[in-house]
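The values are calculated or read from the model by the stated rules, or taken from the named source; none is laboratory data. Everything numeric here is computed off the predicted structure, so don't read it as measured data. Cβ: placed from backbone, ideal geometry, glycine included. Neighbour counts: every protein chain shown. The area values use the complete protein model at the heavy-atom level, side chains included, leaving out ligands, DNA and RNA. Shrake-Rupley method; radii C 1.70, N 1.55, O 1.52, S 1.80 Å.
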Amino acid sequence: MSKVDVVIGCFYGDEGKGKVIDYLAADADVAVRATGGDNAGHTIKAGGVKYAMHLIPSGILSGHTTGIIGNGVVLNPKILLEEIANLKSHGYDVERYLKISDKAHVILPYHPMLDAALEGRRTKKIGTTGKGIGPSYCDKYERSGLRMEDLYAAGFAQKLKEAVESKKALLKFYGMAEEEFGDSLDFDGLYGLYCGYAEKLKPYVCDTLTYLHKALERDERVVVEGAQATLLDIDFGSYPFVTSSNPTIGGILTGTGLSALDIGNVYGVIKAYSSRVGEGPYVTELLDATGDKIRELGHEYGTTTGRPRRCGWLDLVALKYAKRVNGLTALAVNHLDTIGRFEKIRMCVAYDLDGTVTEDFSTNLELLDRAKPVYREFAGDFGDLSGCRKFEELPLAAREYIGFIEEYTGIPVKFIGTGAERESMLVRD
Ligand code: GDP
Ligand code: IMO
Ligand code: MG
């Protein structure tokens, strides 16, 4: 029986998961997204074209891999249709290769509206992407959300009407006047709009759980494309500065219908430094010229919102935590080219809590605020890595840097990113 490869972000997102998925998809029959929505932005540079994938699994870009939007995803049909049109314009046979779970929850225009209203009321902002992710998952867990299958059911109009009425009451409760509701809460308009979306998306909607398991029975190769990352997890991240789903291994199962026994390799993706977009604790953040230099050299600006990303050194304490939570079997380290442009590089090997040194990560905000990173310094100046095709061809300093990550975490580094292009990746057996 074939086993499933899983790709998971280890820190605060944007580790380059899309690039790793794109690589694995070359040999995969199916690529499935399990959680999140269009808050994700996965960049793939292939054949001179830059794709920013938000909802459609990046694996579809192989041209022969079926992309599944799993039941754990919250789906904005407007964004999805734009993505479908874009892929079609680049020659992709989306009709053949895209499938959408009938159980995926639907984002309606009032979800981003609520996202903005809730964020506006917070004294300590989360810095959400504003895509309506939190409010949509709220509806899911409160059991009033609309799933893709609801759009085709006889009771759709009634369900939508009830949802609109309850959101109006909620927004009034938050102090919004009825005149401000606009199109987002106009039942007739929404009904027409979503019936139109439903019609366009109908060919893609199916029972993806059965599809996935039948694919495994046929011995097909499946890759799960993690979105967001471990420290943004609603349970295991720096709550409340997190997203509203479980991007960690548990969410991979509940978001797809795969079982624990189906899972084979769990690849944790990191950059050779770290970044975070949005608010919340970040122990190795560099608020100085070095942080600015990482941002500029790494082009660290959000794929989804364009916001400048906060940047800092690699945090091995947090990485060990990601290993514990997800059961990582191997690592992908991206941006070795970027970090290699520094003369000296640092990695955080412990946290100092007022004199007590620990290698155990905690999501307790008070502890994270007090934690001072303990760094170990490494030689940089790796030079041009573009000609390196094998690990052994990397300069000694680069190999030592990777070797220390393996030694500290006990996880082998299988993939090494040496540039943004599809081809710029070293793979070790
Ligand atoms: P994701 O959300 O985890 O898929 O990551 P993003 O696409 O949001 O951000 C990763 C960024 O790093 C993108 O701009 C990628 O093109 C870029 N990237 C990925 N791997 C490498 C690498 O090894 N070197 C360089 N220079 N850029 C990379
Ligand atoms: P990918 O898949 C980086 C962050 C937001 C914010 C917090 C909550 O590209 O790695 P949300 O809109 O989800 O309610 O925002 O989570 N966030 C991400 N940061 N990469 C992402 O996805 C993210 N998805 C959400 O910036 O801090
Ligand atoms: Mg991203």
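Rundown of residues vs (1) among the β-branched types (Val, Ile, Thr); (2) assigned to a strand (DSSP E or B), yes/no style:
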| site | (1), (2) |
| --- | --- |
| Leu319 | no, no |
| Val325 | yes, no |
| Asp352 | no, yes |
| Val357 | yes, yes |
| Thr363 | yes, no |
Can you find, within region 315-329, the residue that is nearest to Leu231 (Cα to Cα) among those that are open to solvent by 10 Å² or more (accessible area, probe 1.4 Å) and among the aliphatic types (A, V, I, L, M)? Val325
Any idea which of Gly36, Gly13, Gly48 is in contact (Cβ under 8 Å) with a residue 24 or more places away in the chain, more than 9 Å from ligand 3 (Cβ to nearest atom) and at positive phi? Gly36
Those residues of region 169-186 which are open to solvent by less than 40 Å² (accessible area, probe 1.4 Å) and assigned to a helix (DSSP H, G or I) amount to Leu171, Ser184, Leu185
Identify the single condition in (1) within 29 Å of Glu119 (Cα to Cα); (2) in contact with a strand residue (DSSP E or B) (Cβ under 7 Å, 6 or more places away or on another chain); (3) open to solvent by less than 40 Å² (accessible area, probe 1.4 Å) that Tyr301 does not satisfy, given that it satisfies every other one. (3)
In region 270-291, is there at least one residue being aliphatic (A, V, I, L, M), within 16 Å of ligand 3 (Cβ to nearest atom) and open to solvent by less than 20 Å² (accessible area, probe 1.4 Å)? yes
Within region 58-75, can you find the residues that are closer than 22 Å to Cys195 by Cα and either assigned to a helix (DSSP H, G or I) or open to solvent by 20 Å² or more (accessible area, probe 1.4 Å) (or both)? Asn71
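Residues checked against (1) of a type in the set (A, V, I, L, M, F, W, C); (2) on the phi > 0 side of the Ramachandran plot; (3) assigned to a strand (DSSP E or B); (4) assigned by TED's automatic domain parsing to the domain that holds Leu328:
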position	(1), (2), (3), (4)
Val224	yes, no, yes, no
Ala227	yes, no, no, no
Tyr239	no, no, no, no
Ser245	no, no, no, no
Thr256	no, no, no, no
Which of the residues belonging to region 248-303 are touching a residue at least 60 places away in the same chain (Cβ under 8 Å) and aromatic (Phe, Trp, Tyr)? Tyr267, Tyr273, Tyr282
Just the residues that are modelled with pLDDT of 95 or more, closer than 15 Å to Pro240 by Cα and in a helix (DSSP H, G or I), please, taken from region 120-144. Ile133, Gly134, Pro135, Tyr137, Cys138
Please determine whether any residue of region 293-312 is over 19 Å from the mean Cα position of the chain (by Cα) and either assigned to a loop (DSSP other than H, G, I, E, B) or of a type in the set (Val, Ile, Thr) (or both). yes
